[in-house]
Amino acid sequence: GGDHLLRLARIAARASGLPVLTALRLEHDVRDSAGLGRRERAVNLAGAFVATHPPDGRRPILVDDIVTTGATLREAVRALGLAGWPCPVAAVVAATPKRARRAAAPDSPSALASRPSGVYRGDDLTE
């Protein structure tokens, strides 16, 4: 166990020289998202995060392991934005392929799941 995302962030911080700040906490329990669709994931995470620190002039980098629908990152951006943090970027390890009947525009939030792992702007994560 343990917090695998915190371990991942600490490894990235050592490599980059950037500090780690746990800026979000869960406000309420959420279901395991395995098997949930896009809408169900969004409902499951609605209001789930709250910022733990006020903005301090730094620009946050959200760290996530796998982007499936982008619901977790969108909720994180929402919570940080409510606290006054600037729109963050996200560093992710992997993204699952999007299963859709029609292709999304390359810069649309719904296209996140079809992108390879990399860095995403916070405004990519809002709808």
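The values are calculated or read from the model by the stated rules, or taken from the named source; none is laboratory data. Worth saying up front: this structure is predicted, and the values here are computed from it rather than measured. For neighbour counting, all protein chains shown are included, and Cβ atoms are generated from backbone atoms with ideal geometry for every residue, glycine included. For accessibility, only protein heavy atoms count, side chains too; no ligands or nucleic acids. Shrake-Rupley method; radii C 1.70, N 1.55, O 1.52, S 1.80 Å.
Selection of the stretch 18-56 for residues being assigned to a loop (DSSP other than H, G, I, E, B), over 17 Å from L80 (Cα atoms) and charged (D, E, K, R) yields D29, R31, D32. Only a single criterion out of (1) open to solvent by less than 10 Å² (accessible area, probe 1.4 Å); (2) out of contact with any Asp or Glu (no Cβ under 9 Å at 6 or more places or on another chain); (3) part of a strand (DSSP E or B) is not satisfied by L80, namely (3). Based on what the data block shows, is A71 surrounded by fewer than 21 Cβ atoms within 10 Å (Cβ to Cβ) and either under 22 Å from A9 (Cβ atoms) or more than 15 Å from the chain's Cα centre (by Cα) (or both)? In short, no. For the stretch 37-56, the criterion of a residue being touching a Pro at 6+ places or on another chain (Cβ under 9 Å) and of a type outside the set (S, T, Y) is satisfied by at least one position. Would you point out which residue out of P60, P19 is farther than 15 Å from D3 by Cβ and at pLDDT 90 or above? Matching residue, one of P60, P19: P19. Considering the stretch 1-22, and only residues there that are under 20 Å from V50 (Cα atoms) and of a type in the set (A, V, I, L, M), the residue that is surrounded by the fewest Cβ atoms within 10 Å (Cβ to Cβ) turns out to be L6.
Take the conditions open to solvent by 20 Å² or more (accessible area, probe 1.4 Å), part of a helix (DSSP H, G or I) and touching a Pro at 6+ places or on another chain (Cβ under 8 Å) and apply them to R59. Does it pass? Considered against the rule, which asks whether it is open to solvent by 20 Å² or more (accessible area, probe 1.4 Å), part of a helix (DSSP H, G or I) and touching a Pro at 6+ places or on another chain (Cβ under 8 Å), R59 comes out as no. Do the conditions hold for L45, that is, is it over 22 Å from P97 (Cβ atoms) and of a type outside the set (K, R)? It is false that L45 is over 22 Å from P97 (Cβ atoms) and of a type outside the set (K, R).
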